[in-house]
1. Quick check: with the 1.4 Å probe, what order do H452, H163 take by accessible area, largest first?
2. Work out how much length E435 to T601 would gain on full extension: take 0.36 nm times their residue separation and subtract the Cα-Cα distance, in nm to one decimal.
3. What do you get for Rg/Rh over the stretch 172-249 if you use C-alpha atoms and the Kirkwood form of Rh?
4. What's the FRET efficiency of L355 with L619 using the Cβ-Cβ distance as r and R₀ = 51 Å, to the nearest 0.05?
5. Give me, ordered by chain and number, the residues 5 or more places off S104 or on other chains with an amide H under 5 Å from its own placed amide H.
6. Given the C-alpha centroids of the stretch 140-214 and the stretch 357-430, what is the distance between them in whole angstrom?
7. So what does W360 come to for accessible area, using a 1.4 Å probe and Å² rounded to 10?
8. With every protein chain left in place, what is the accessible area of I615 in Å² (1.4 Å probe, nearest 10)?
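The values are calculated or read from the model by the stated rules, or taken from the named source; none is laboratory data. Keep in mind that what you see is a predicted model, and the values were worked out from it rather than measured. Ideal geometry is used to build each Cβ from the backbone, glycine not excepted, and the neighbour counts take in all protein chains shown. All accessible areas refer to the heavy atoms of the entire protein, side chains included, with ligands and DNA or RNA removed. Shrake-Rupley method; radii C 1.70, N 1.55, O 1.52, S 1.80 Å.
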Amino acid sequence: MHDSHAPAPSGPRASDDLPPPGGLREPYGGPPEFGDLPFDDLPAAPPGGPHAPGGPPAGRAGASGRSAPGTAAAVVLATTAGAALRCGGGTLLDRLTDQLVALSVGEVHVVARSGDITRATDGAYLIGAEGSHGLADDLRRVARVARAATGPVAVLAGDLVAHTEALAVLLSAPGGGTTALVVTDGDEPGPLRPPVRVEGGRVAAAGTSLHEVAGADGTFRGALRVGEADLGRLAETAETLAGLAETGVFGAMGGAEAGDLLLAGLVRYGVHVRARGLGRLRCERVAGQEDADAAVRRLNEVDVAHARLDAAVKADDGFFATYGVSSWSGHLVRPAAALGLTPNAVTWFSAGLALLAAAWFSAGTRPALVAGAVLVYLSFVLDCVDGQLARYTRMFSPVGAWLDATFDRAKEYVVYVGLAVGYAAGHGAVGGGPEGIWALAVAAMILQALRHMIDFSYAGSRADAGAARARSAGPSAATGGPSGVPADAAARLAPSRPAPPSGASAGSTDAGGTDTGSTDTGSTAAGSTAGPEPGEGTRAVPQESPPPGNPVVRLSRLLERSSTTRWLKKIIVLPIGERMALIAVTAALFNARVTFLALLTWGGVAALYTLTGRIGRSLSK
């Protein structure tokens, strides 16, 4: 996206990503080789385009109106001069929008200070009648996207330099939750790196130049994905923050911190935001050309293939899956990809091993029970590998997700049947007989079905509530806060350090351009710890809002602060890894009766624990 009448600028080429093995398939079936996207082959931007003094463009890629159900959307906050920095034959904004197109994001909305027109690689135009008028307008545009979205919404800084794979980890991974890209072992908080505190794999606190974080142990990297169930909260948070910005609560804070404000607001509203680490991958914001060139060089220093393999292994899995399987199963992923195996094929292999396990269990002898236990373990290994292979190749599909979930249940129930048949045969070496064993087997199946019903109905209810809240969200008419903002929301989202008056430095400007169009690249950027002396600007409020939620929710979050209690929380709910391990161990060492009694006892405790937590979260504010 450059002026065809001017020589292309020299600079690093952002060919950082290797093609994912096996290609892509729907719904993430975009171009597999982003590194080969030819910036110089794109039509020239029209006069007044992204390189005009007004800054980068504003608008949206793709057709207008609502996207297809479940389709991801992205909002690129290109309100800083950093978005127009050169990168290869285009700009950082060009690069980022091309990455999003390659990852098959349904709609790309660009928020900037001008209404110019540019062109995306898929032929869609980013068009806007006029640009955003400031921080409050930026936030309200995000709220409008959230209310209209039918799938997850990503909010990204336009001055972002990231591996395509890092964005894929955020955007493409199934699960549908709200996630932020964070680094906990990198640079200290500073300009364009606001502080966060991570507890138990979630963002417990997030800051800006005016919102402090006690015990910060990481930094937010400018990329946030909000799940469908939380779109209502995103719309509410954006509208509330916009109201506060209009009344000067944030002083001279500029659009560079819009994404940081949204993350801080969502966390303070009690949204569960998963902290997604980057491993060897990189994702960072830049303020000047030298920074951009250096950031692209750092991208090219990374072995993306190895980094992709590391990212394929779930970082927040169950205890047994993490230490008993994923510690070594990643070594099977690359051979599987090289052989051209699909995740669905691996799922079928896993199901086949479960059938063999049931057949051995049905024999009822001690050697047969041991053989069945080994096969149950291997079946679960392949159950993990199919997901790892899907993440490694980015071969996600609704059919694949449905097949995996359905086979998980079917494999487990087939194993129950095999155990019951073998025990009913009454072999002397392991004891047994037909008395009562089928009642135990059916009870175990019913209990497991009820547990899944609780999980899926709760997830569906959250999604429905989030969608309804998103459509109805808007500036509240409640009184007590500035400009109609509810008093409790104003207190929760107000700065923890005083903001200087508008026109003075807020410790955070637009990193190369404030909302007034300044191009001072030396301005302090988002995340700076600099601020006015106490007593200046607005009244200071407590450093962090009290954790939202009732005692059940607060206790749950308190337990997340320790790795020991966090693992205990994971184990007590008896996830599939623990169930498979329980079946294998009790069947091999004892018999089917012991297996079913153990499943009923532990499963009952898990169901009660889960139901209590669901009710507590549903009642929390």
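1. Sorted descending by solvent-accessible area, the residues read H452, H163.
2. Details: separation 166, 0.36 × 166 = 59.76 nm, distance 1.96 nm.
57.8 nm is the gain from fully extending E435 to T601.
3. Working: Rg = 13.7 Å, Rh = 13.8 Å.
Rg/Rh for the stretch 172-249 comes to 0.99.
4. On the way: r = 43 Å, r/R0 = 0.85.
With R0 = 51 Å, the Cβ-Cβ based efficiency is 0.75.
5. G30
6. What the calculation gives is 38 Å, centre to centre.
7. Here the residue's solvent-accessible area equals roughly 120 Å².
8. Only protein atoms counted, so the area is about 90 Å².
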